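Undergrad: Okay, handing you the structure first.
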Amino acid sequence: MDHRWRPLKAAAASLGVAAVLGGLAGCGDADGGAAAQEADPNAEAATRLNEAQMVQFGEADLLADQSETGTYAQLASVRRTEELREDTELDKPQCMDAVNQWGRLPEVREAPASVASFGGPGATITHTLIGLSEQAAVKALDAAPPEECASYEATVENGLKAPYTLRDLDLATVGEESRAFVVETEVQGEPVLLYGMVYRNGDYLGSTSVLGPDADALEDTLVEFSEAALEREEKVLGRG
């Protein structure tokens, strides 16, 4: 595992960006196996969500070995994030799940989910679809980070420290309602940015994360990908 990514993995653990973390960790196939899929009561619903995922976005290709379906809390990428969280200390513990506190909600953890990861020039894109009741989807989108999480610092198991800043983005609404943000840290003195958006469309929740170094390109990618993903979802799933 490349030590350059340890500060960024700390960011991913503290942010709860599970699929991005899985891609950086290079942990191989995220699929829990056919037997696990069959045993998962949400397997069929999660497969339906997976059918609504895009398979290509511009020059970004789908990374099949880093994409997965099933009950959200049982996804391999989510479990890896939770394991790394145990080795990460924050100066503000309340910021451990700063940008996706929705991921700790019982309704989300028990829900069917599909994660699709894409790799392209200059960015890694991760898109998550979660099937919820409309009430739970509204609750998830309302789970905003505490104000004091505008800045915080993480320390990983080898003692490396990394500061993070978090701010909201004023972007056009995607779906029925949405919320966007950007987190910035450094890896070996170079800026690394995570642009994210959570949106709701009826009774499902969508989350897009775009990771890379170029602020302008990442913001454009975040918006364009989310809009394209929503269009695909409405064709396959309807309005939710």
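The values are calculated or read from the model by the stated rules, or taken from the named source; none is laboratory data. In this text, all values refer to a predicted model and were calculated from it rather than measured experimentally. Neighbour counts run over all protein chains shown; Cβ positions are idealised from the backbone, glycine included. Note: areas computed on protein heavy atoms with side chains; ligands, DNA, RNA excluded. Shrake-Rupley method; radii C 1.70, N 1.55, O 1.52, S 1.80 Å.
Undergrad: Go through (1) open to solvent by less than 20 Å² (accessible area, probe 1.4 Å); (2) under 25 Å from TYR72 (Cβ atoms); (3) touching a Leu at 6+ places or on another chain (Cβ under 9 Å) for ALA162 and report which single condition fails.
TA: Result: ALA162 passes all but (2).
Undergrad: Right, next: Considering only the range 101-111, state which residues are more than 18 Å from VAL182 (Cβ to Cβ) and open to solvent by 20 Å² or more (accessible area, probe 1.4 Å).
TA: ARG104, LEU105, PRO106, GLU107, ARG109, GLU110
Undergrad: Does VAL210 fit the bill of being within 20 Å of VAL55 (Cα to Cα), open to solvent by 30 Å² or more (accessible area, probe 1.4 Å), at pLDDT 85 or above and β-branched (Val, Ile, Thr)?
TA: no
Undergrad: Looking only at the range 165-190, count every residue that is over 15 Å from THR221 (Cα atoms), assigned to a strand (DSSP E or B) and in contact (Cβ under 8 Å) with a residue 24 or more places away in the chain and tell me the total.
TA: Selection size over the range 165-190: 8.
Undergrad: Follow-up. So if I check each of GLU176, GLU190, GLU184, which one is closer than 29 Å to PRO112 by Cβ and open to solvent by 10 Å² or more (accessible area, probe 1.4 Å)?
TA: Of GLU176, GLU190, GLU184, the one residue that is closer than 29 Å to PRO112 by Cβ and open to solvent by 10 Å² or more (accessible area, probe 1.4 Å) is GLU176.
Undergrad: Another one. Here are ALA144, ALA98, ALA154: which of them is surrounded by fewer than 17 Cβ atoms within 10 Å (Cβ to Cβ), of a type outside the set (Lys, Arg) and not in a helix (DSSP H, G or I)?
TA: After applying the criteria, what remains is ALA144.
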